[in-house]
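The values are calculated or read from the model by the stated rules, or taken from the named source; none is laboratory data. As the structure is a computational prediction, the values presented were derived from the model and not from experiment. Here Cβ is always computed from backbone atoms with ideal geometry, including for glycine, and neighbour counts include all displayed protein chains.
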Amino acid sequence: MGAHAGLTVDRITHAAAELADEVGIEKVSISALARSFGVKDASFYSHVKGLQEIRTRVAVLASGEMNECISSAIAGRSGGEALMAFAGAYRSYALRHPGRYAATQLRLDPSEFAGTEVFKRSVELTYAVMRHYELEEPDLTDAVRLLRSTFHGFICIEATGGFNHPRGVEGSWNRIVGGLHQLLEQWPRAQAAERQ
C-alpha cells in the first residue's frame, strides 16, 4: 500500500518529527502516523520495523538539523563567543522543535546511532568549541557533560514556564553561559588534582 499512499521512510520520518513537535515524541505512534497518511497501521511495516526505528530516525533527523544550526552559528568564532553561539543555537532549536529535541535525548541503540555521520558531526562541532579550553580527558568529557546538562536543564524549565520570576530569562541565560565560559577557562585539571 506504500506506493498509493506515497509512503517512504523519509516522509514517515518527517511526519513523525512534525507530530512530535505538536504532541510530544512520547505520543507519536504508528496509529497516529497511519491516520495522518490515511492508511492502515500495517502499511507502515513494509517501510519501518516499528516505533523504535521511527524514534531513532527522528533523533537522527533532529540531530542533523541541530548540527546545521550550530555549525552556522559558530562559524568564524572561538572562545566565549563560540560557546555563546553554540549554546544559543542549541537552545533556539530545542525551543522551536520541542518534540524533535526530545527525540535527541532518548536512549538510543548505539549500533543504530553512534556510527552515523550525524553523530560524528555533532561530536566534531562540540570539540571545535571546546578546543579553545585545551582540556584533555577526562576533563573534556566532564566539561561537555556539564554543558549538556546545564543547557538541557535550563531549556526544560524554560519550556514549561518554570522560571516564575520577574527577571528576564534571556539575561539569566547569557550570564549562565558566560559563567560556564569562565569556569572552562579555569577548569581544575584532573591530572593536577591527582598529583596533589
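Tabulated results
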{"quantity": "Candidates Ala16, Ala75 - the one that is crowded, with 20+ Cβ neighbours inside 10 Å and either over 27 Å from Ala89 (Cα atoms) or of a type in the set (A, V, I, L, M) (or both)", "calculated": "Ala16"}
{"quantity": "Test set (1) in contact with a Ser or Thr (Cβ under 9 Å, 6 or more places away or on another chain); (2) modelled with pLDDT of 95 or more; (3) closer than 27 Å to Leu51 by Cα; (4) crowded, with 17+ Cβ neighbours inside 10 Å - Phe119 fails condition number", "calculated": "(2)"}
{"quantity": "Residue selected from segment 141-161 under the condition free of Cβ contacts under 8 Å to residues at least 24 places away in the same chain and within 20 Å of Ser71 (Cα to Cα), by the criterion nearest to the chain's Cα centre (by Cα)", "calculated": "Arg148"}
{"quantity": "Residue match in segment 81-91 (condition: farther than 21 Å from Gly153 by Cα and surrounded by 15 or more Cβ atoms within 10 Å (Cβ to Cβ))", "calculated": "no"}
{"quantity": "Any hit, segment 50-60, residues being outside any helix (DSSP H, G or I) and at pLDDT 95 or above", "calculated": "no"}
{"quantity": "Residue check for Phe163: surrounded by 13 or more Cβ atoms within 10 Å (Cβ to Cβ) and farther than 29 Å from Val60 by Cβ", "calculated": "yes"}
